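For reference, the structure is listed below as structure tokens.
The values are calculated or read from the model by the stated rules, or taken from the named source; none is laboratory data. As the structure is a prediction and not an experimental result, all values here were calculated from the model. For neighbour counting, all protein chains shown are included, and Cβ atoms are generated from backbone atoms with ideal geometry for every residue, glycine included.
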């Protein structure tokens with residue numbers, strides 16, 4: 001995303017400015033990362049309602065550079081399985097860390113932002 005596109009997006013939805021800037025800054029501070037767990041950004045922006053954060057992510061999802069997806073985590077916040085574009089794509093069983101089958105119902109689907 002060019003700086004002009006970035007500025008245009010922020011200017012087009014000023015009510016989500018703080019959230020978008022926080023997300024862009026996070027990716028800038030972590031250039032090696034392609035994935036941001038939404039619960040991490042919610043923790044960082046604790047004073048902003050989750051509904052506002054979710055709507056801001058919707059605008060990111062409409063760009064060519066970012067998309068929303070889902071990752072499964074266990075109760076210790078360890079990622080299990082892959083990344084799924086749609087929550088309906090999550091299989092009933094996934095492979096655990098040691099290739100053991102795990103019932104996906106016992107895991108938490110966590111929204112993530114993927115930088116393409």
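Below is a table of values for the structure above.
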quantity	calculated
Qualifying residue in segment 81-88 (condition: surrounded by fewer than 15 Cβ atoms within 10 Å (Cβ to Cβ), modelled with pLDDT of 85 or more and assigned to a loop (DSSP other than H, G, I, E, B))	yes
Number of the condition not met by residue 63 [criteria: (1) surrounded by 17 or more Cβ atoms within 10 Å (Cβ to Cβ); (2) within 20 Å of residue 9 (Cβ to Cβ)]	(1)
Residue 92 being within 23 Å of residue 109 (Cα to Cα), more than 16 Å from the chain's Cα centre (by Cα) and either surrounded by 13 or more Cβ atoms within 10 Å (Cβ to Cβ) or free of Cβ contacts under 8 Å to residues at least 60 places away in the same chain (or both)	yes
Verdict on residue 42 being at pLDDT 85 or above and within 24 Å of residue 25 (Cα to Cα)	no
Residue that is nearest to residue 76 (Cα to Cα) [pool: residues in segment 93-102 that are touching a strand residue (DSSP E or B) at 6+ places or on another chain (Cβ under 6 Å) and not in a loop (DSSP other than H, G, I, E, B)]	102
